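One structure is given here, and the rest of the page talks about it.
Only the coordinates and a few stated rules stand behind these numbers; no lab work does. Everything numeric in this text was worked out from a predicted model, so none of it was measured. When we count neighbours, we look across all protein chains shown, and the Cβ atoms used for this are built from the backbone with ideal geometry, even at glycine.
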Amino acid sequence: MASFSRSCCRPSSTTSVLLFCHFINPKLLNNSLRTYATTQAKPLKHKPSVSKPHIQWKSKSTPAISSKPPIPLQSISQQPPPSAALNPPSTTHPPPLDLPSKDPETPPYKYYYRLGKAYATFYKTGLKAIWTNHKAVRALNPPSDLLAAVRSDRLTRANFQLIHRSRADIRKIPPFILLWLVCGEFTPLVVYYVSAIVPRTIWIPKQFEAARQKAEARRRAAREKTTTTETTRKLTVSLLDGVESMQAEPKQQFYTCVAQSYGLYPAWWDRLFGSLIPQWEVKRRLYDHAEYLDTDDFAIERDGGEGGLGREEVVRACEERAVDVLGREPEELRRDLTEYFQIKKDKGR
């Protein structure tokens with residue numbers, strides 16, 4: 001991000017420093033909600049409004065993905081309902097995957113034919129959604145600095161997330177196509193192990209579950225490492241003065257553990273590089289993610305609050321904030337987000 005060099009040189013920002021606080025007290029809000037809760041709250045502005053999302057998934061009761069031209073970017077103050085300003089189009093999430101049930105009376109070849117057809121339809125719809133999102137982003141003519149555009153009221157959160165997610169999916173298309181050419185019909189069996197190169201619009205449900213299990217196990221291991229070693233137990237006092245005031249060795253260890261908790265670099269880096277992981281890259285990713293979360297928090301509060309987020313958006317917002325989501329209902333996660341934003345407001349008074 002454009003602002004990294006500035007943040008890296010002056011990392012005393014409340015936002016970037018308090019990103020790490022969840023390691024010191026693992027009891028904070030599902031062991032991570034207050035990770036970022038004590039950041040300095042930004043002043044709330046008028047509640048904006050935009051026109052309703054123009055893209056919806058194909059279902060039995062709705063037509064196929066709309067081909068209507070996307071809504072041009074305009075000032076937030078000129079656009080109506082708040083929930084539409086919060087939630088990006090449903091095509092930024094995977095389409096429904098309807099797998100056939102295995103009936104003992106059905107011949108095996110028919111079952112597997114229907115199974116293959118269901119997966120083919122799923123991947124076709126998900127890939128089509130990437131292109132649909134890309135066209136919508138081009139119509140918005142997004143600025144080069146998205147974070148600044150959000151804070152200057154030139155982008156709603158819905159548009160901000162649409163652009164952010166579309167760009168991430170586009171970058172993953174070439175490696176995924178290569179994977180598909182190599183694995184063919186076995187691709188659904190392989191994607192569990194290479195989720196990092198698969199666009200999120202074509203993640204299957206079991207893939208989400210496997211990825212979340214790995215992320216939560218890695219997060220627990222990072223917290224245990226941070227709270228049990230002698231050097232990191234001393235970091236509680238250091239955090240009061242800012243991360244940069246720590247000594248070099250514990251500070252680097254702390255950066256690495258936090259990055260592991262947020263999944264900011266792949267797990268195989270630990271196995272391949274060990275202690276030789278480049279700290280400048282870890283630090284850059286941490287501050288970039290901190291700035292992204294701070295901007296997203298600002299956009300959520302400005303565009304209507306967490307109460308207007310859809311179910312998928314609540315889950316994804318919690319995942320991005322290192323919150324464990326497996327086995328938890330969206331409404332339970334929504335209550336956690338409500339408390340999270342309330343803490344931010346209280347700390348900002």
- [ ] Using label points projected 7 Å from each Cα along Cα→Cβ, tell me how many nm separate Arg218 and Glu329, to one decimal.
- [x] 3.1
Open item on the list: On a full-extension model of 0.36 nm per residue, what is the gain between Asp270 and Tyr112, subtracting their alpha-carbon distance, rounded to one decimal in nm?
Closed with: 53.0 nm
Open item on the list: Please compute the length gained on full extension between Leu178 and Lys225, using 0.36 nm multiplied by the number of residues separating them and subtracting their Cα-Cα distance.
Closed with: 13.2 nm
Task: Trp280, Trp180 arranged by Cβ crowding within 10 Å, fewest neighbours leading - done: Trp280, Trp180
TODO: Sketch the reach of a paramagnetic label on Leu99 as a point 7 Å from Cα along Cα-to-Cβ, and name the residues of segment 109-151 whose backbone nitrogen lies under 16 Å away.
DONE: 111-123
